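So the structure is just underneath, and the comments pick up after that.
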Amino acid sequence: MLVLYDAGRCPYCARVRIVLAEKGVEFEDVQIDLSDRPAWLYEKNPLGKVPVLEEDAFVLPESPVIMEYLEERYPEPALLPADPAARALARVWLERFDDLLGRDYYAARCGDDDGRERLQARLAELEEVLAGTPFLSGADYGLADIAYVPWVLRARETFAIDLEPWPSLRAWLDRLLERPAVAAELDVLAALRS
Ligand SMILES: N[C@@H](CCC(=O)N[C@@H](CS)C(=O)NCC(=O)O)C(=O)O
């Protein structure tokens with residue numbers, strides 16, 4: 001059985017939880033307390049970070065790599081486009097995550113003076129993209145959307161950033177939340193608040 005070393009509050013782990021749920025893959029969920037990480041986690045990932053996926057002797061860190069591994073190992077339902085060029089463009093979204101959202105999200109989370117404004121600027125850029133396409137990598141939902149949605153959800157739910165100024169981003173989030181795999185993440189966030 002697959003094991004996921006996981007933390008509810010971790011958006012990188014959320015990516016993997018969503019892919020596993022979309023593909024209907026059963027797994028054992030091992031929650032890691034990030035404020036008191038067990039020493040053995042470093043044997044699985046020398047960086048001591050989650051997510052880590054494990055199956056017998058095979059141990060895999062790094063959420064983009066895990067997502068792509070799951071896509072290859074469990075091809076149905078497909079979460080990358082069939083067309084090679086479209087697949088490559090979906091991968092560009094994963095590759096550029098830090099520049100396009102991650103860095104400024106963490107600036108906001110760390111309370112940098114201009115962090116919130118910087119995060120809002122990144123959300124405004126996503127709005128521009130999503131005004132022209134239903135999903136980040138085109139006509140179909142997939143890994144690119146899954147790679148970004150945990151942070152957009154946390155911006156709304158945890159940082160109370162009102163998405164009102166960005167109707168296309170809001171509509172994209174609503175479309176994603178119609179999917180049980182993504183909606184389950186709202187429950188994860190609610191449990192963290194309780
Ligand atoms: N590049 C990693 C980043 C994972 C990551 O930063 N996870 C955080 C939790 S959200 C973590 O384990 N932090 C512990 C630490 O930084 O020491 C990935 O994509 O999986």
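Figures for the structure shown
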| quantity | calculated |
| --- | --- |
| For the chain, average projected area of the Cα convex hull in nm² | 11.2 |
| Theoretical gain in end-to-end length, GLU178 to ASP112 [0.36 nm per residue, Cα-Cα removed] | 20.4 nm |
| Two-site FRET efficiency, GLU157 against VAL92, from Cβ-Cβ distance with R₀ of 41 Å, rounded to 0.05 | 0.90 |
| Value at 222 nm in deg cm²/dmol, rounded to 500, when DSSP H runs of n ≥ 4 in the chain each add -39,500 (n - 2.57) | -16500 deg cm²/dmol |
| Rounded to 5, the percent of DSSP beta bridges in the chain classed as antiparallel | 60 |
| Hypothetical label at ALA171: residues of segment 118-144 whose amide nitrogen lies under 11 Å (7 Å Cα-Cβ projection) | 130-135 |
| Isotropically averaged projected area of segment 123-173, using the convex hull of Cα atoms (one quarter of hull area), nm² | 3.1 |
| Extension gain (nm, one decimal) between ARG37 and ARG9, 0.36 nm per residue minus Cα-Cα | 8.7 nm |
| Isolated Cys residues of the chain, judged by Cβ distance under 4.7 Å to other cysteines | CYS110 |
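Every number in this text was worked out from the coordinates using simple rules, so none of it is lab data. Remember, predicted model here, so these are calculated numbers, not experimental data. When we count neighbours, we look across all protein chains shown, and the Cβ atoms used for this are built from the backbone with ideal geometry, even at glycine.
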